[in-house]
Amino acid sequence: MDGGRPTKSDFAPEDLLASLRVSEARLRGVLDSISDGFYAVDRDWRLTEFNPAAEKYFGMSRAQMIGRDYRDLISAASDEFKELLDAAMAGGPMRVLEAPSLYRPGRQVELCVALTDITDRLQTRSRLEAAVAERTAAFQASEARLRSIFETTNLFQGLLAPDGTLLDCNAAAFRAINARKEDVVGLKLWETPWISANELTVAFARETVARVSAGEIVTQPNMSLQLPAGARAFDFAMRPVHDETGAVIAMVLEANEITARLKAEEDLRQVQKLEAVGQLTGGIAHDFNNLLMVISGGLNMLDRSPDEQKRAMLMGRMREAVDRGANLTKQLLAFSRRHQLSPESIRLPDYFAGMNDLLNRSLGVNVRVTIDVPDDVEPVFADPNALQLALLNLAVNARDAMHDSGVVTISARNGSTRDPSAECIIISVADTGEGMTPEVRQRIFEPFFTTKETGKGSGLGLAQVHGFAEQSGGHIGVESKVGEGTTFMLVLPRGEAVAPAEPVAPPIKLPEQLSPVGKALLVEDDDNVAALTEEMLRHLGWRVTRVASAEAALGAITNGLDVGLVFSDVMMPGGKNGIELAHSLRERHVDLPIVLASGYTEAVHREAERAGLPLLSKPFSLETLAVAIETARSR
C-alpha cells in the first residue's frame, strides 16, 4: 500500500488478468451493440477489430476481415480520404470528413475508424432540397405572375421606403414621364418628375410620406399631376406595409388616371345642359319675340301718340320688356357655365320666386305650376345653378308624363333624421301624370334610359338629377303608382341661416339734364351700344371721347388726353380686355375712376370684385349708371 491506496504490486497477476478481461468484455459489449460501424487498424495497416455494424456495412464477417490489409479495402476511396488516413497514421490531429469520421485515440498504436450510416440523413436532405427547390420554383412563378400584372396594369404603382425613397415602379408610371427605371429609382418621391413640377404636389408628397410612414392610409381623389403630356387627373392612394411586429417597412403608392372619365363626365353634363336648353328653346323664342314686339311696337307708337299719359304707359311696358329679357338672358347663361359644384346656403322662398317665370315658360301654357315653399323652410346647401337645372329636368319630366297638360306641384319642407348633424331639406316635384310601372321605376336613373319616342329625349335628365343629388351629399327618392302620378323627392343638406332678400330700392330720380361734370373716355367696340352709352353719359353731364379698344384707350391717355372717368366694356377685340385695361390705367393713374360693363358678368364678376371695380350688367339703366359712376368717384 502507498498511503492507503492500492498499487499495481498489490494485485495478483490473476486478478489483473481478470480485470482486463472484464474491461474487454465491456468494450466488446459496447462495440457489438452500437449501430455505428467500428473497426481498428494497426500501424501495419492490418485490421485488428471489426464490429457487427461494420460487418453489415461491408457485407463481410469479422473473421474474414481481421488481419486483412486495410489499404486493399479502401483502394477505391477518394484521395481526400486516403490523405486523411495517412495524416492520422502519422499522428496528426483529428479531422472530420463527410464520409467515415477518423480519429487517433490517445497514444494507442492502432487507428480507430468509426463509420456512421448517413443514408437516411442524405435522403432526408435530398427530400428537403427537392421541397425547397419546388417551393422556390413556385415562389418564382408567383413572383413572375405578380410582376407581369404589376408591369402590364395601366395604374401607376410604386414601392417606397419609409423615408419616401422610390424602390420600384411599374412600366405605366415610367412611360408617363418618358424615363427609365434607373433615372428615378433612389430619388425621394417629391424629387421625381411625377411630383416635382408643382410646388403644391411636392408639399403634398412630403406630408403624405410622413403620414403613411406613421401607419396612416392616405387617399386623394381627383389629384392633378403635371406630366410631359400635360396636366392629368388621378385618384391617388398610398398605404403602409407592416412587418410581423407592426412596424412600417415600406409604402405602396397607387394612382389611377381619371382624366378621360372626368372629360366624359363633363361632356355628359354639357349634353344634359343642351337637352335642357332644347326644352327651353320654343318657349324662350316665343318670349323674346313677344318682348321685341313690345319694344318695337312701343317705339313705333311713341312718335304717333301726343298723349303724355299714353307715352308714359308705352315707356313703362318697354322698360318691363327689357327687364324680362335681361332675366331670360341670365337664366340661359346659367346653363352654359362650366365649373365644379359650388354649393352655398340658399333661402328657398326667394329662390323659387325667381324661378317662377322660367318654369312657366319651360312647361307650356297647358301645364299649371304650383309652388309651395313656406317662409319657415330652412336654407338648403347646394349649387344654385345645378339645383335650377335639376329642378327644371324634374319639371320637364313631369310635363312629359302628363302629356303636356296637368299640374306640377313643387314644394319644400324641413326634414331630419335621428342624427342632428344629418338634417336635410326635402324638395318635392309632383305631377298628375300616368305614373310608372315597377319595371320602369327601377331603371329611371340609368343614363340614356327613356320611355320617350326616338328624338324626344336622350334619357339623361333624371341621371343628371341623381348625380347632382349624390355629388351634393344627398339623394333622390321617388314614389309612383300607375294612374296616380309621380313624386320625386330631392333630399339635400341643410344650409346656414340666410337673411331674406332685401326689397328692391325705388329707382333714383334724376333731373332731365345734369350740370357739366368733366370729360369721360368711353371704350366700346359696338357702335350702337357706344352711341346709346355716350348719350347716357352726356345726359349725366360728361363730355365724351370714344375709342374702340383697350390699346386705343391707353394710347389716348398716354398722348395726353385728360379725362376724369373711364367707362369700358369688358369683352373687346384686341390684346386687352376691360379689366386688364383697368389694371394698366391704375398703374399709371391711381385715382382715375373706372367703371366696367359686360353682357356676360358671371365670368368676370369675381375678378372685378377683387380689383375693386364697379361692374354693370348689360342692359343697364341711366340710374344704375349714375350710381356706378358715383361709387367709382368716391373710392
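No value in this document is a laboratory result; all are computed from the given coordinates. Bear in mind the structure is a predicted one, so any value in this text is a computation, not a measurement. Quick reminder, even Gly has a Cβ in these numbers, built from the backbone with ideal geometry, and neighbours come from all protein chains shown.
General observations
- Cα-Cα over 29 Å, subset of 310/519; 263/481; 576/618; 310/618: 310/519; 263/481
- With a cut-off of 13 Å between beta carbons, the residues surrounding residue 219 carry a summed charge of -1, where Lys and Arg count +1 and Asp and Glu -1.
- Within straight-line cross-link reach of residue 188, aspartates and glutamates at Cα separation under 18 Å, skipping those fewer than 8 residues along the same chain: 163, 168, 199, 207, 254
- Shape class of region 557-635 from the Cα gyration tensor (axes a ≥ b ≥ c, square roots of the eigenvalues): oblate, since a/c reaches 1.5 or more and a/b does not exceed b/c.
- Under 13 Å, Cβ to Cβ, from residue 356 - net charge with Lys/Arg +1 and Asp/Glu -1: 0
- Taking Lys and Arg as +1 and Asp and Glu as -1, the other residues whose beta-carbon sits under 13 Å from that of residue 74 total -3.
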